[in-house]
Amino acid sequence: METLYLIDGSALVYRSHFALMRTPLITSKGENTSAVFGFMQSLLTLIQRDKPEHLAVVFDTPEPTFRHKAYKEYKATRDKMPGELVEQLPRLREVLEAANIPILELPGYEADDVMGTLALKAREKDLEVVLVTGDKDFMQLVRPGIRMLRSKKGDEEVLDEDGVNAAFGVPPEKVIDVLGLMGDSSDNIPGVPNVGQKTALELIKIYGSMEEVLAHVEEVSKPSLRERLIEFADQAKLSKQLVTIDTDVPMEFDWEAMKVGPLGESRLVELFRELEFTSLMKFLEAPAEKLTQNYRTITNWQEFNQLLKTLRDAGQFAFDLETTSLNPMMAEIVGMSFTCVDGEAAYIPAEGFEIPPNAEIPARTWHGKEVDKTLSYQLQQIEPLLKDTSLKKIGQNLKYDCLVLANYGVDVRGVEFDTLIAAYLLNPGARQLNLDALSLEYLNHTKIPTVDLIGKGKNQISMRDVPLDKISEYACEDADCAYRLMSILQPKLEEEELIDLFRDVEMPLMPVLMTMEMHGVRLNTDILKYLSGDLERMLEQLEGEIYKLAGKIFNINSPKQLATILFDELGLPVTKKTKTGPSTDVDVLMNLARLHELPQKLLDYRQLAKLKNTYVDSLPTLVNPYTGRLHTSYNQTVTATGRLSSSDPNLQNIPIRTELGSQIRTAFVPGDRGWVLLSADYSQIELRIVAHLSGDQTLMNSFKHNEDIHRRTAAKVFDVDMDDVTSEMRRQAKAVNFGIIYGQTDFGLSEQLGIPREEAKRFKEAYFANYPAVKVFMDDIIQKAKTDGYATTLSGRKRRIPEFHSSQFNVRMFAERTAINTPVQGTAADMIKIAMIRIHHRMIEQKLRSMMILQVHDELVFDVPEDEIELLKLMVKEEMEGAIKLNVPVVVDFGIGSNWLEAH
């Protein structure tokens, strides 16, 4: 039987808006598309998954309905639709029309009534109906052939008659009786005062209907309930009338228009491109033209050698590896693909390949294990090309491929164009930069999804088990797309004046990061094991104290049980709510800690539990079994400011602010005896950059005279002599200094310092009065970013800021903070990257044994033999301080120790 899906469009558009309200999707042209994106993602997912034959989207209209005429207060308590949502509705309609999805609405009637009428008429045509909505009112329509599909806690459930009975407590036909008695606060339907769902259900189960309840009201034993039922009988009848869906709306329906057809029409494709809905293109049946492809699989040495000659003659080629793992330190090669011509590529499998008879193949190892002869031969043949710096290498995320090859003893050189890095520089705020997304965006081509080859979840297989014809096409396509992308992205980098940053900073940085990742960091797991025991004992002690203060034993990790203790039993005030009840998050507990001892104990408990679970117990499990070290991945293409990030594990998040947290750093130790860790940390680099960019003479003089900048700011703000500045004054001045860089609001500063908002405002005013050029710089940089649409660093890095065009005040304020922060934090990021490249090359030139092993924002950490300490310190000082010339001194602080904590 064919199905008709009716979408409650009004409910879905609200849900989509609020789901992305805190992180709105803004296009490069400044258009807020959050609700449109969320709506279409949900709708297209449903169409792809359930494959309905018929579908329509139903909306409310702004005109009053018969319910408003019957009860003037109907929906009177609802907030007005947010302006940023209103402005997206025309776009949503445009997209739905382009998708040939009919929009149904009728002035004077709600979406509920249109859907109810259409559902019954569809049953007459023998269609199975699914009502896609979370509104409980629709439960009354459920019957044979009509079901309800609703979201619940992130999942979806289908309700038939039994489902409604289980979920609401009565069969569908009695839902309106329950709602009539209990009312509906979301629609401002009164019902009978103080009659909740539980009481209403009990009454309906006894008497069968609301009318029968009122007819037998004298039988109700509870006096107060009986009196309310008598007094508000008319109100109950009205409420039942208001919740009853009208299934006889005077409206004709175009059944042919509701048939679901192909979604790949050119207009929809164009709209998705315009709205930058790259990730939604996969839902369209014909989103892109098929690239001209001439791919082949090479399984013998003769063809392989001919390919190598072709690649060498071309002078450049793209390549890609297929492996067994996303972790480059654990990945084994399954095959390799190469191309030097658009549309042509070849795949060389590591198995099922004929090598020359009697070939002399030197032994090759992977983490100490002997490599198969076939792969050893292939690597032996390709290695001269990969090492040749005159041959230009192209690819997507080549750091991964180079790391994998390095573990086989192959040193790849001449890597000149990484499409991932190029695309990132062009759009550092992009949601997706993987090869699938880039191919779709720039080549209008839909790549073979990885999941089509290996599946996902429990059924996922290894690339090694994918049939040869499938993995060959997939691998060739990867190399081909990367090769084609280069010819598109390179001119764009030149046009945007980003080519120098790409060639001089980001691409040269890649082998530096690869070397750091490959070397890894030594971890003393015995220290962490000892620390874990300490934390376990401290947690047990805290547990006992928490139970004593609560007066009972409960599950500390259960927000629901914790809320009961705090708000019901201890009577503490509810300051924030979530969908499931009162919030017990960090902010709430910090506020409550002023009123009671228990919240502070809970905060302490959470902090210790996080230290233990996230770091102390977790890090030892991540030590590589072959190298005995931790190998993080440094990401060049994640943060919008240009800063590096670290993952798997994130070594940039190792705690330092608390005494206990900092103890974790004692487990990070030198790799060999007689070696030490050397830490080199930029001193207040972002404040120095502010001084340079603003040209503020007072600020510049403070740095030139090597003053304590926080003490100097405190003296200025509090109008006291430097000698009279207290530690508390300095602490507050430090918060102001760094708050200015990040565009912190008066409210944000007041929250951080625990002072009144007016006092925070006075602090900032005093700051700008003493550093007037900083204020001018901030105002100018905001205005320039508004005009240009982006902010830049001293190295020319660009960050687009479309949020300036948002109708939301908070989003526009975010844009201003971004405009201020980008030149500062972005320039600091560029400085340390440039320094890393230069230090790396000097260490190689001077044949030092020392290794750069960590980068944490403004800090570099080195593993150093004692006889190289002074030489390395001098080298690092020169390159870090001279990376970008500023008009104020750049200072690097050094530390040396037997572990990271000592060195920091």
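The values are calculated or read from the model by the stated rules, or taken from the named source; none is laboratory data. Source: prediction; values computed, not measured. All Cβ positions, glycine included, derive from the backbone under ideal geometry; neighbour counts span all protein chains shown.
With respect to being more than 29 Å from residue 109 (Cβ to Cβ) and loosely packed, with under 15 Cβ neighbours inside 10 Å, residue 250 falls outside the description.
For the stretch 151-225, the helices (runs of 4 or more DSSP H) that sit wholly inside it and include 1 or more residues that are under 30 Å from residue 45 (Cβ atoms) and touching a Leu at 6+ places or on another chain (Cβ under 7 Å) are 161-168. Residues of the stretch 72-82 include at least one that is within 20 Å of residue 40 (Cα to Cα) and in the same structural domain as residue 20 (by TED's automatic domain parsing).
Of the strands (runs of 3 or more DSSP E) lying entirely inside the stretch 307-403, those carrying at least 2 residues that are closer than 18 Å to residue 464 by Cα and among the acidic types (Asp, Glu) are 316-323. A single member of 744, 732, 783 is within 26 Å of the chain's Cα centre (by Cα), within 24 Å of residue 828 (Cα to Cα) and of a type outside the set (Ser, Thr, Tyr), and it is 744. Taking the stretch 414-486 and the helices (runs of 4 or more DSSP H) fully enclosed by it, the elements with 1 or more residues that are of a type in the set (Asp, Glu) are at 435-443, 450-454. Looking at residue 485, is it hydrophobic (A, V, I, L, M, F, W, C) and either buried (at least 20 other Cβ atoms within 10 Å of the Cβ) or closer than 24 Å to residue 619 by Cβ (or both)? Yes, satisfied. Residue count for the stretch 51-84 under the criterion of being surrounded by 16 or more Cβ atoms within 10 Å (Cβ to Cβ) and either of a type in the set (Phe, Trp, Tyr) or farther than 30 Å from residue 183 by Cα (or both): the result is 7. The residue list 872, 848 contains one member that is touching a Leu at 6+ places or on another chain (Cβ under 7 Å) and without any contact (Cβ under 8 Å) to a residue 40 or more places away in the chain, which is 848. Yes or no: residue 89 outside the structural domain of residue 427 (by TED's automatic domain parsing) and either closer than 30 Å to residue 191 by Cβ or in contact (Cβ under 8 Å) with a residue 60 or more places away in the chain (or both)? The answer is yes for residue 89.
A residue that is surrounded by fewer than 15 Cβ atoms within 10 Å (Cβ to Cβ) and assigned to a strand (DSSP E or B) occurs somewhere in the stretch 563-578.
So that you can scan it fast, the table gives a plain yes or no per residue for (1) closer than 15 Å to residue 636 by Cβ; (2) out of contact with any Phe, Trp or Tyr (no Cβ under 6 Å at 6 or more places or on another chain):
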residue	(1), (2)
394	no, no
414	no, yes
420	yes, yes
449	no, yes
469	no, yes
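When you check residue 350 against the structure, is it without any contact (Cβ under 8 Å) to a residue 40 or more places away in the chain, of a type in the set (A, V, I, L, M, F, W, C) and under 27 Å from residue 292 (Cα atoms), yes or no? Criteria met by residue 350. The condition of being surrounded by 15 or more Cβ atoms within 10 Å (Cβ to Cβ) and at pLDDT 95 or above holds for residue 330.
Residues of the stretch 527-543 include none that is in the same structural domain as residue 602 (by TED's automatic domain parsing), under 29 Å from the mean Cα position of the chain (by Cα) and polar (S, T, N, Q). The set of residues in the stretch 88-127 that are farther than 20 Å from residue 16 by Cβ and either hydroxyl-bearing (Ser, Thr, Tyr) or in contact with a Pro (Cβ under 9 Å, 6 or more places away or on another chain) (or both) comprises 100, 106, 107, 108, 109, 117, 123. Filtering the stretch 3-62 to residues that are of a type in the set (Val, Ile, Thr) and part of a helix (DSSP H, G or I) leaves 13, 36, 45, 47. Going through (1) more than 30 Å from residue 809 (Cα to Cα); (2) in contact with a Lys or Arg (Cβ under 9 Å, 6 or more places away or on another chain) one by one, residue 36 falls short only on (1). Candidates are the residues of the stretch 640-659 that are touching a residue at least 40 places away in the same chain (Cβ under 8 Å) and surrounded by fewer than 17 Cβ atoms within 10 Å (Cβ to Cβ); the one that is farthest from residue 399 (Cα to Cα) is 658.
No other residue among 678, 749, 753 is surrounded by 21 or more Cβ atoms within 10 Å (Cβ to Cβ), modelled with pLDDT under 95 and among the aliphatic types (A, V, I, L, M) apart from 749. Determine whether residue 637 is of a type in the set (S, T, N, Q) and in contact (Cβ under 8 Å) with a residue 60 or more places away in the chain. It is true that residue 637 is of a type in the set (S, T, N, Q) and in contact (Cβ under 8 Å) with a residue 60 or more places away in the chain.
Got at least one residue in the stretch 146-158 being closer than 10 Å to residue 58 by Cβ and not β-branched (Val, Ile, Thr)? No, the stretch 146-158 contains no residue that is closer than 10 Å to residue 58 by Cβ and not β-branched (Val, Ile, Thr). Which residues, counting only those in the stretch 309-325, are in contact (Cβ under 8 Å) with a residue 60 or more places away in the chain and of a type outside the set (Phe, Trp, Tyr)? Matches in the stretch 309-325: 311, 312, 315, 316, 318, 320, 321, 322, 323, 324. Listed by first and then second residue, the pairs with beta-carbon distance under 8 Å, at least 6 apart or on different chains, first residue in the stretch 30-51 and touching a residue at least 24 places away in the same chain (Cβ under 8 Å), second among the charged types (D, E, K, R) and not in a helix (DSSP H, G or I), are 32/87; 33/276.
In the stretch 407-465, of all residues being charged (D, E, K, R) and crowded, with 20+ Cβ neighbours inside 10 Å, the one that is farthest from residue 376 (Cα to Cα) corresponds to 441.
Against the list (1) free of Cβ contacts under 8 Å to residues at least 40 places away in the same chain; (2) surrounded by fewer than 17 Cβ atoms within 10 Å (Cβ to Cβ), the condition residue 259 fails is (1).
Residues are listed down the side, and each one gets a yes or a no for (1) in the same structural domain as residue 874 (by TED's automatic domain parsing); (2) crowded, with 20+ Cβ neighbours inside 10 Å; (3) assigned to a helix (DSSP H, G or I); (4) at pLDDT 95 or above:
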site: 766; (1), (2), (3), (4): no, no, yes, no
site: 791; (1), (2), (3), (4): yes, yes, no, yes
site: 803; (1), (2), (3), (4): yes, yes, yes, no
site: 813; (1), (2), (3), (4): yes, no, yes, no
site: 836; (1), (2), (3), (4): yes, yes, yes, yes
site: 844; (1), (2), (3), (4): yes, no, yes, yes
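Residues in the stretch 128-147 that are aliphatic (A, V, I, L, M) and either in contact with a Lys or Arg (Cβ under 9 Å, 6 or more places away or on another chain) or not assigned by TED's automatic domain parsing to the domain that holds residue 60 (or both): 129, 130, 131, 132, 146.
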